1. Please work out which one of (1) within 15 Å of His442 (Cβ to Cβ); (2) open to solvent by 30 Å² or more (accessible area, probe 1.4 Å); (3) hydroxyl-bearing (Ser, Thr, Tyr) is the condition Thr538 fails and give its number.
2. Of everything in the stretch 414-456, what is under 30 Å from Ile352 (Cβ atoms), open to solvent by less than 30 Å² (accessible area, probe 1.4 Å) and part of a loop (DSSP other than H, G, I, E, B)? Give them in sequence order.
3. In the stretch 350-366, how many are modelled with pLDDT of 90 or more, open to solvent by 10 Å² or more (accessible area, probe 1.4 Å) and under 15 Å from Gly297 (Cβ atoms)?
4. Looking at the stretch 278-310 only, could you name the residues that are of a type in the set (Asp, Glu) and in contact with an Asp or Glu (Cβ under 9 Å, 6 or more places away or on another chain)?
5. When you check Ala420 against the structure, is it in contact with a helix residue (DSSP H, G or I) (Cβ under 8 Å, 6 or more places away or on another chain), closer than 24 Å to Ile319 by Cα, at pLDDT 90 or above and not charged (D, E, K, R), yes or no?
6. For the stretch 461-472, enumerate the residues that are hydrophobic (A, V, I, L, M, F, W, C), farther than 21 Å from His451 by Cβ and open to solvent by 10 Å² or more (accessible area, probe 1.4 Å).
7. Return the residues of the stretch 529-578 that are closer than 20 Å to Val515 by Cβ, within 20 Å of the chain's Cα centre (by Cα) and not charged (D, E, K, R); say none if nothing qualifies.
Amino acid sequence: MAELLTRISRPQRWDVPFDAAMTEEKVGRLLTIPPLSTFDPERFPPTIPLRGILLNDARIRRFESGDIIVREGDYGSSAFLILSGGVRVMLDSLPSAQLGRRPPQKKSFLASLAQLWSQPKYPEVRDYSDGKLMSSTDASTIRSRQATGDEVRIFLQDVPGVLEKNRTAQLGPGELFGEIAALARTPRTATVIAEGRAELLELRWQGLRDIRKYAPEWKQHIDRLYRQRSLAAHLRETPLLKDLSDEDVRNVAEHTQFESYGDFEWNASYRTVREASAQERLAKEPVIAREGDYPNGLILIRSGFARLSRKYNHGERTISYLGKGDVFGLPSLLCGAQFSERVGLQFSLRAIGYVDVLVIPTPIFDQFIAPRFSEKEVVELRERVERSSQINLGEDAEATFGPEMIEFLVEQRYVNGTAAMLIDLDRCTRCDDCVRACAASHDNNPKFIRHGRVQNGIMVANACMHCVDPVCMIGCPTGAIHRESLEGQVVINDLTCVGCATCANSCPYDNIQMVEIRDRGGRFIVDEATRTPILKATKCDLCMDQLGGPACVRACPHDALIRADMLEVDKLARWLNR
């Protein structure tokens, strides 16, 4: 009887190391260099030894003068420790062309057409060789490139000229950079270039996370850098401070408080919380500022989301939500600065999940920021406060989104999505053209389910929302799920996915599916040791390689489907009112 199963070794976390050229000898050398030499290996568990982290989650990289190490705006998944030499951090932004950026690579028209008749006969087909799964990019090719150092480098043509024209900061041996983007799942805040020859240890975020966990002294160091560097970068980006002198910005930064609310891994408790009553959910959200209280300072949202609410009967009603770049408390503070009496806060602000905020104390606000506003602007803000009309929505959104819809988006935390799939059920005819188009673009495997929660005739379908804060990435042991490009799409590397289901279990919206895979003969692929199915995570990739963008949107014949950034509420409202 023919064998109906294909047996291979189950993928493991370190099957594909960060650098196949990393050796025990190199690890031994690293352990003699501070701060790595100060870590106690006994604190690390046998399953995740310090040597194992350095052998599999790290790589040594060498750069020549002018080489770009990280670029501002790119999504980072690794941090860098300087072993020798130095680097320059560019405090001023450089042009995209100078940074070597290019548009995302798309399939050609013929390649897009060919996929229509080259679909596999069976679902979730994978190729394998020598008992190992393969991807479209052969793993041995990746290793040989890494082993020979054959990698594309981007460098600045006129390093002295660039350094002369731009503000920079210098970092030397023993210093760390890139940890903020790696741990917070955010874009790089600055471009970093090599100054002369430099040798760096690049540590992918899974290893960085584990070292933070088992080496408390490094955790304290990283947290201190996180506060200092993120604070300075955020203040420079804030419109309220753009006209301040460098000295005034330094004064503001010196007194600004950096605070965090909620749990960094908020997804762990979210599934329980979402089933609680509205009042219970609200009680579990940490209060950042409370309605009626004296404003102790201007609050700037650095990352995450916060709920803006107001007392209503015996409970509270959600008015809106604030995200990165938004401020809270400005009208009350300005009225207090220009008039004799202080005005209490008109709304409460609560953390939704995990939120980083900056707080500029009231006296500092009065001294450096309030004088920038004219008397007319202050009077208008005072009138708004007296009318209690501080609502963070435009006219279109305010006319469309009633309290129920805003409450729904916040309660379900759909505000996290940058590409949420919304379906207008009044227009949708259930023809499933969107599903078929998705399948045709992904080897006959649709990447979403036309099903989801509904409010006011709008369904939020079970499709990856490519979140601002993709908590699905938190527990991935190999980094298989990651940000792909400057646009921030969240994708899965099928080669390094070990099928642990951590991302699927972490996703608060049930938008990642675990699937059993087959070979091209239709046989299920199983672990040769346990004979249990090999699973892979799959989800929407936003058709990154397709001409014209998401196939689901292009295929809908009734304009019933949109991929929406939930922070662009006015744009969404206009789509609903079309």
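1. Among (1) within 15 Å of His442 (Cβ to Cβ); (2) open to solvent by 30 Å² or more (accessible area, probe 1.4 Å); (3) hydroxyl-bearing (Ser, Thr, Tyr), Thr538 violates only (2).
2. Hits for the stretch 414-456 are Gly417, Ala419, Cys428, Phe448.
3. The total comes to 4.
4. Listed by number, the list holds a single entry, Glu291.
5. Criteria met by Ala420.
6. Residue satisfying the conditions is Val468 alone.
7. Answer for the stretch 529-578, where residues must be closer than 20 Å to Val515 by Cβ, within 20 Å of the chain's Cα centre (by Cα) and not charged (D, E, K, R): Ala537, Thr538, Cys540, Leu542, Cys543, Met544.
Results for (1) over 26 Å from the mean Cα position of the chain (by Cα); (2) within 23 Å of Ile406 (Cβ to Cβ); (3) polar (S, T, N, Q), shown as yes or no for each residue.
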residue	(1), (2), (3)
Leu425	yes, yes, no
Thr429	yes, no, yes
Val435	yes, no, no
Ala439	yes, no, no
Asp443	yes, no, no
Pro446	no, no, no
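The values are calculated or read from the model by the stated rules, or taken from the named source; none is laboratory data. Since we're looking at a predicted model, the values are computed, not measured. Don't worry about glycine lacking a Cβ; one is built from the backbone with ideal geometry, like all the others, and counts go over all protein chains shown. To get the accessible areas, we keep the full protein, side chains included, count just its heavy atoms, and leave off ligands, DNA and RNA. Shrake-Rupley method; radii C 1.70, N 1.55, O 1.52, S 1.80 Å.
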